[in-house]
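Quick notes on the structure that follows.
Just so you know, all these numbers are worked out from the coordinates, no wet-lab data involved. Note that the structure is predicted; figures quoted are calculated from it, not measured. With ideal geometry, Cβ positions are generated from the backbone for all residues, glycine too; neighbour counts draw on all protein chains shown.
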Amino acid sequence: MKSKRLTDDDIIKELIDTMFLIAGHDVTFEDIKGRKDQWYYEWTMTPEQEQQWMEYMVKYFRKHRSMTVKFAQTSASMFNLMYGLKVIRPELEQEQD
């Protein structure tokens, strides 16, 4: 039996759920679904968590969309721009003080 190809909505849900999990927040896609505000600023992640999420997305896109590494990296970057949480960079905050 051939498995069903995931829809774009399935992929968005999975990636957002994983992002919140990696960032350590008790939030899911269902919690933010339909929101029109800038919900992604309400929660944060560290640069290390962002890197982990980016690596996860590249593997995910390669597996579920049969993308090349370069295209998967580009897709992950674009997804992060659209849905990624705010990244806290302490070294930049110290420079501003």
Count - residues of segment 40-85 that are surrounded by fewer than 14 Cβ atoms within 10 Å (Cβ to Cβ), over 14 Å from Glu14 (Cα atoms) and over 11 Å from the mean Cα position of the chain (by Cα) | 8
Single unsatisfied condition, Thr7 versus (1) touching a helix residue (DSSP H, G or I) at 6+ places or on another chain (Cβ under 9 Å); (2) surrounded by fewer than 13 Cβ atoms within 10 Å (Cβ to Cβ); (3) β-branched (Val, Ile, Thr) = (1)
Among all residue pairs at least 6 apart or on different chains, which show Cβ distances below 6 Å where the first residue, located in segment 66-90, is within 18 Å of Thr44 (Cβ to Cβ) and the second is part of a helix (DSSP H, G or I) and of a type in the set (Phe, Trp, Tyr)?
-> Leu85/Tyr40; Lys86/Tyr41
